[in-house]
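Below: one structure, written as structure tokens.
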Amino acid sequence: MEHLDTYLYELIAKKLAGHCTDAESAELQKWLDASPENQAEFNALSTIWKDSSKAAGTSRQYNTTAAWNKTSQAIQPPVSRIKTLYTKYAAAAAIILLLTGGAWWLESRSSLKKHELAANDGKIKSLELPDKSTVTLRQGARIRYINGYHHDQRVVELEGEAFFEIANDPGHPFLVKTPNQSVIEVLGTSFTVQTGKDSTAVIVASGRVKLGVEGDTTALILGSGQKGTWGNGQLYAGNNKNLNFIAWKTGILQFNDESLLEILPQLADFYAKEIRIDDQYREIASQQKATITFRNQSCDDVLHELQLLLGFKYQQNGDTIVISQ
């Protein structure tokens, strides 16, 4: 690598200061193992670090030129590269010397590397964030985050639907930002977020969250068992009546005295299929009710069990299913 990027400078500085996480150390080690040149650059920066540490313990007057001279003697670069290397290592030295004035400087930088994970292969995906919070992404969802704090906040950006279990850290609020400018601030532990182009829905499994709009002072405080919705500039709150709001994560579908008319849209959402009811059967379907639980079963198995229980017919063509008398 001809030039280290800013993120690698920061990783090296954090490593030398003893502030690297396990994940960051592994990422840095991978870069070091990539070539002898990378290892040589790290060794040179380590020399600068040691030189600056001695200065920090005395008068706090840092001499990057002296540090460079010491480093250049150790690595003996070709004359044609001295100017380029001087510029590079002087910049790195500046970052490292700033770190000696306060390790928090690097950890609070908004320029830390942004990570992204997408569940775009038809499967849900789970990850542990740097703060030990866990996120489960539903199929089609995408999350972006940095490996540090942004203005003393833990901030993630979400598209699609995800289930969050947040690590307790009152000193660093956890925020979920969405494409439609709504913001969820975590005041508790676990909840789901479903984002759309023009709306956001939040269901709280435990604890409390605050749902609002970025830049607006109005917000909803939602407690365990509640659902909040933002859309068309309006905020709504109420009790969550959907037992299956995290069925996509658990694989468990539960229906408690619900009509077939209420059950079928939930099956359509869970199995990502289009389920239609014949117009002549709609009135009967609204009166047929079931109390039943399904665990990790195929769509065909679920429909077959409901068919035996309620007596309807169904026909499937691709991802479209038609229910009739």
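Inside segment 126-180, residues that are over 30 Å from Ala272 (Cα atoms), out of contact with any Lys or Arg (no Cβ under 8 Å at 6 or more places or on another chain) and not small (Gly, Ala, Ser) make up a count of 10.
Which of (1) out of contact with any Lys or Arg (no Cβ under 7 Å at 6 or more places or on another chain); (2) surrounded by 19 or more Cβ atoms within 10 Å (Cβ to Cβ) does Val183 not meet, given it meets every other one? Checking Val183 against (1) out of contact with any Lys or Arg (no Cβ under 7 Å at 6 or more places or on another chain); (2) surrounded by 19 or more Cβ atoms within 10 Å (Cβ to Cβ), the one that fails is (1). Criterion applied to Lys289, Lys273, Lys313, Lys210 was being among the charged types (D, E, K, R) and in the same structural domain as Phe174 (by TED's automatic domain parsing), and the one residue passing it is Lys210. If only residues of segment 1-26 that are part of a loop (DSSP other than H, G, I, E, B) and among the charged types (D, E, K, R) are counted, the one that is modelled with the lowest pLDDT is Glu2.
The values are calculated or read from the model by the stated rules, or taken from the named source; none is laboratory data. Because the structure is a prediction, the values reported are computed rather than measured. No Cβ is skipped: glycine too gets one built from the backbone with ideal geometry, and neighbour counts run over all protein chains shown.
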